[in-house]
Every structure is written in structure tokens, then in C-alpha cells.
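Presented below is the structure to which this report refers.
The values are calculated or read from the model by the stated rules, or taken from the named source; none is laboratory data. Note that this is a predicted model, so its numbers are computed, not measured. Glycine gets a Cβ as well: all are built from the backbone with ideal geometry, and neighbour counts include every protein chain shown.
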Amino acid sequence: MHVFPGLTLSRSPLGFSRLGPEFLTELPPEPAPAPHWVAHSEACAQRLGLGSDWRTPQALELLSGNGGESGWASVYSGHQFGVWAGQLGDGRALHVGEIEHQGQRYELQLKGAGRTPYSRMGDGRAVLRSSIREFLCSEAMAALAIPTTRALCITGSPLRVRREEIETAAIVTRVAPSFLRFGHFEHFAHHDLLPQLAQLFEHVLDRHAPECREAEVPAAALLEKVSRQTASLMADWQAVGFMHGVMNTDNMSLLGLTLDYGPFGFMDGFDPGHICNHSDHQGRYAYARQPNVAFWNLHALAQALIPLVPGEPEKASEPLLAALESYREAFPREMLGRLRAKLGLLAELPQDRELADDWLKLLAAGRTDFTIAWRHLARFDSQVEAENAAIRDLFLDREAFDAWARRYRERLLAEASLDAERGARMNRVNPAVVLRNHLAEGAIRSASEGDFGEIERLLKVLERPYDEPVLASDAALPPDWAAQLEVSCSS
């Protein structure tokens, strides 16, 4: 039991850690020598109810793996790049307890705290480069109101770690109501550990989905809930041009959170086929494929839930397949709703889907910058065509833009849209700033020289993504050198 100023980090009687050794392994983290603070999120600290004085020397030691008490790592399995990968688990993440605040419990997890029984051939460590990326993107997504795990802080150490080159170690303190994955269910189902599968299911119902217990088929009710949450999450990702990069089933959150920030990316020039993960040689996780991959992953989860459906085994899949239909119904609706909002439309008219699709095709045809184009569209003048020159100049094919603009103008007039009000609405859903790779790289390069100020500066910008930044370069086209940046599974 660890005590922050005014708050206790403990274990809940209903928590995952109480399930037993079939589910997790108790072990202490590997200490990180000479730890120091790298960055912290006050927004995340406030979510946990931590006061301004929480960053004590004791907290630094605890969150660097030097607290002395045991944590735990969980076992799970999963499909990686569409292939069954067998047993996986928390290979470099260690849960150290929970904080309760305002009726909500949050798990704290140290990513990069050393080897666990599930590290396989890895060293269990994280490096400063990848830790900065995860920290910034976790908090950036939260500011975009996209469901996500959070990041409380990064601590660093002079400990040397080998990746493509020798780098220094770092630990991210990750925060979430739960880090449960599709792969947790897959693990026990695949190995025919049915009592443990049932125990895990009861835990999930008790802790995260009590309303499903009263359903005719609780397993199907849970799957439907997860399917709808996942559909909403996919629409959120697509709407801001976010690419996860490695949507394996073991990286899919049972709570519909964005989980595990590795080779992620935000779209620059719009390309539906863009692959942000340099390790994804087949393009399985390209931007346009993400919604279908999520559906595939839900099928894998459904397969794992079959033993939990009562009755004849050959009919057990029927209610689960019916539950999966909720994704097929929810995702198009959720996606169209976000596109309407991004276009500033209030009414729902039949032509909206085609109008939105054609806008995306227009962006793709010229590889127009995704974030900038949406942001500029808020300035669209529905009365004076000449006032739209700045938007028009974003496109190589001006005539194609003109044709689309005439349809957009007619659509706005059809609901008597007022430009000023519409523009304000659009600027509340079309961010000015996202965590582009070159922005993260700038913070990483400064940090590698011992200057953590750029992380703090960039975090403040990302926490207000809908405001025009003080530095225009934060919202500008990426520099030419950004095209050479690559991220992979080691990122």
C-alpha cells in the first residue's frame, strides 16, 4: 500500500489482481537507477484526485520501479497481424495498484519496469523515445475526447537499453479503469481453461458491465456492448485521421479505449491506404482498413466467448453473431454523425453521406493535408465564392473543388446555415493541432539532449487541440524532412 499526498494506492477486493495465479504473476519491478522526472500531466493527475504536491521523492521512486513492493503482470494471448500468436502477456508492463476518486477506480501500470514471465525474448524496458510518444499521444487523445488510456508521467533513467541503437530507459505511468484486452478472453478459451474463462467473465460483469448480467444471454450482451464501444472508437479514430498501427487482438481494449501506443500516426496528406507502421509490410492496418480490422477482432472475441453461452454448443454462436451485427449497424451511423459534425451540418439529409464521401475523395485525389483541409473548411463562405480562395488553393484540381463547393453551398442553404455559427461549431470538432510525427520527433530530439521543455510545451498545445496555437508551425504543413520519419513496432 503506497500513499501519495492525501491518496492511497491500493488493491481493490474486486480488482483483477484478486483473480489468482492463473491470471497473473506477482513480482516486483526491476529498479531503474538514478531516476528523474521527465514529464507529467496535470490533467491526468487531477482526474486521479492528486494534489499539486504529488510529485514527491517517494512518488518518483515508486513510479520508477524502486518502491520495493510487488506489482503484477497479467497473461493473455491473441492474434497478431491476423495470425494466432499463442501466449502473450504484460511483457514490459507492471500493475502497481489502484486509486479511487469520485467513485471511479483507476489502475496504475508502469510500462518499462523490467522483465516479467511474459517478456519472451524482450528486456521488459521502454526507451525515452517511445515513452515520449505514448505519453503525448495518450493525453492528446484525451483532449480530443477520444476514449483512451491516460499517462500520468514519464520518469527517466541513465540505464542503457539496446533497440536499433543504444538508448536510455524510461517508464510511463499509464492509467485506465482497466487494461483488459480481447486477448484475455482468447487466452483461456484457446487453452480450454473454461473455469478460468468463466471466472474472468464474472469479473468483467461485476466490475465493468453489471447491466449485462440480467440479459437473456449475458455473454452476447457483453459482446454487443463491446461492439458498440469499438464502433464508436473506430469512428473517432477515422474522424481525426488517427492510425493505431498495430491493431492486434491483444491491443484491443475490452472497454473501448485506445490502448498501446506504438507505431501510431496522424494523417498528413490524406491517403486512405496509408500505412503508418513500417513493420506492417502487408498493409493490414492501413487507415482505411481499421474499421474492418476491428470487426475481425470482434469476431475473434466472439469465438472466445462461445463456451460462456448456455445450451447446445452448435447453437452457441447464434446469439454472439447477432450481437456482432450491432457493430455493422453502429459504425456507419457513428461515422456519418462525425462527418456531419465536421462539415458543420445540423440537419440529417439523405445526400449527406455522398457529400462527405466526395469530400474525402477530393482530399485523397490530391493528397491534401487532412487536418488543415478540415480546419480551413470552417471558413467556407456560402455567399461569396471568391472568399474561398484560401480553401480552394489547398487543392491541385481547383475545378473539382469548385464542383464540390457548389454542392456544399446548396446543402448549407438547405438548412439556412449561418456561416459564423457553423464555423464555430466546426472548429470545436476539427482540431487545429494533432500529434504529427514531426512534432513528436522535435520533443524527442530535445529530450535526448537533456531538454524536456519541448515535451511540456507541446503537451500544453495538445491539451487545447481546437485552439489556434501560439506557434503557427504547430498547425502548419509538416516540413520536408518529416517524410523521412518511420515508426515501427519497436517505436
Notebook entry, point to check: Going through region 333-354 one residue at a time, which ones are assigned to a loop (DSSP other than H, G, I, E, B) and not polar (S, T, N, Q)?
Noted result: Gly344, Leu345, Leu346, Ala347, Glu348, Leu349, Pro350
Next item on the list: Tell me which residues, restricted to region 440-459, are without any contact (Cβ under 8 Å) to a residue 40 or more places away in the chain and not in a loop (DSSP other than H, G, I, E, B).
Entry: Gly442, Arg445, Ser446, Gly453, Glu454, Arg457
Check: Within region 176-202, how many residues turn out to be within 30 Å of Ser448 (Cβ to Cβ) and crowded, with 22+ Cβ neighbours inside 10 Å?
Finding: 1
Margin query: within 34 Å of the chain's Cα centre (by Cα) and either assigned by TED's automatic domain parsing to the domain that holds Ala288 or surrounded by 13 or more Cβ atoms within 10 Å (Cβ to Cβ) (or both): which single residue out of Ala405, Ala400 fits that description?
Written below: Ala405
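The rows are residues; the columns are (1) on the phi < 0 side of the Ramachandran plot; (2) part of a strand (DSSP E or B); (3) crowded, with 18+ Cβ neighbours inside 10 Å.
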| residue | (1), (2), (3) |
| --- | --- |
| Gly89 | no, no, yes |
| Leu94 | yes, yes, yes |
| Gly97 | no, yes, yes |
| Glu107 | yes, yes, yes |
| Thr116 | yes, no, yes |
| Arg120 | no, no, no |
| Ala126 | yes, yes, yes |
| Arg133 | yes, no, yes |
| Ala140 | yes, no, yes |
Checklist line | Subset of region 456-472 (residues that are surrounded by 21 or more Cβ atoms within 10 Å (Cβ to Cβ) and under 17 Å from Val429 (Cβ atoms)) | finding: Leu462, Pro465
Next item on the list: Could you tell me which of the residues Pro319, Pro272, Pro310 is modelled with pLDDT under 95 and out of contact with any strand residue (DSSP E or B) (no Cβ under 8 Å at 6 or more places or on another chain)?
Entry: Pro310
Item checked: In region 225-246, the residues that are charged (D, E, K, R) and under 18 Å from Asp260 (Cβ atoms) -> Asp236
Check: If you take the residues in region 460-486 that are under 30 Å from Ser157 (Cα atoms) and without any contact (Cβ under 8 Å) to a residue 24 or more places away in the chain, which one is farthest from the chain's Cα centre (by Cα)?
Finding: Gln484
Next item on the list: Among the residues of region 263-281, write down those that are crowded, with 20+ Cβ neighbours inside 10 Å and either within 10 Å of the chain's Cα centre (by Cα) or assigned to a strand (DSSP E or B) (or both).
Entry: Phe264, Gly265, Phe266, Asn277
Note to self: Just to be sure I understand, how many residues within region 300-332 are surrounded by 14 or more Cβ atoms within 10 Å (Cβ to Cβ), part of a loop (DSSP other than H, G, I, E, B) and among the small types (Gly, Ala, Ser)?
What the structure shows: 1
Check: Quick one: would you say Trp72 is assigned to a strand (DSSP E or B) and surrounded by fewer than 17 Cβ atoms within 10 Å (Cβ to Cβ)?
Finding: no
Check: Which condition does Gln282 not pass, out of (1) in contact with a helix residue (DSSP H, G or I) (Cβ under 9 Å, 6 or more places away or on another chain); (2) over 17 Å from Ser130 (Cβ atoms), if it passes all the others?
Finding: (1)
Next item on the list: Name the one entry in Ala475, Ala483, Ala443, Ala447 that is surrounded by 14 or more Cβ atoms within 10 Å (Cβ to Cβ), more than 30 Å from Gly91 (Cα to Cα) and either not assigned by TED's automatic domain parsing to the domain that holds Gly262 or not hydrophobic (A, V, I, L, M, F, W, C) (or both).
Entry: Ala475
Next item on the list: Determine whether region 211-218 contains at least one residue that is assigned to a helix (DSSP H, G or I), more than 30 Å from Thr371 (Cβ to Cβ) and not charged (D, E, K, R).
Entry: yes
Next item on the list: For residues that are touching a residue at least 40 places away in the same chain (Cβ under 8 Å) and assigned to a helix (DSSP H, G or I), scanning just region 16-57, find the one that is nearest to Leu197 (Cα to Cα).
Entry: Phe16
Notebook entry, point to check: Of the numbered conditions (1) surrounded by fewer than 15 Cβ atoms within 10 Å (Cβ to Cβ); (2) modelled with pLDDT under 95, Trp54 satisfies every one except a single condition; which is it?
Noted result: (1)
Next item on the list: Residue by residue through region 415-432, note down the ones that are without any contact (Cβ under 8 Å) to a residue 60 or more places away in the chain and either surrounded by 14 or more Cβ atoms within 10 Å (Cβ to Cβ) or in a loop (DSSP other than H, G, I, E, B) (or both).
Entry: Ala416, Leu418, Asp419, Asn427, Arg428
Next item on the list: Within region 282-294, track down each residue that is part of a loop (DSSP other than H, G, I, E, B) and basic (Lys, Arg).
Entry: Arg284
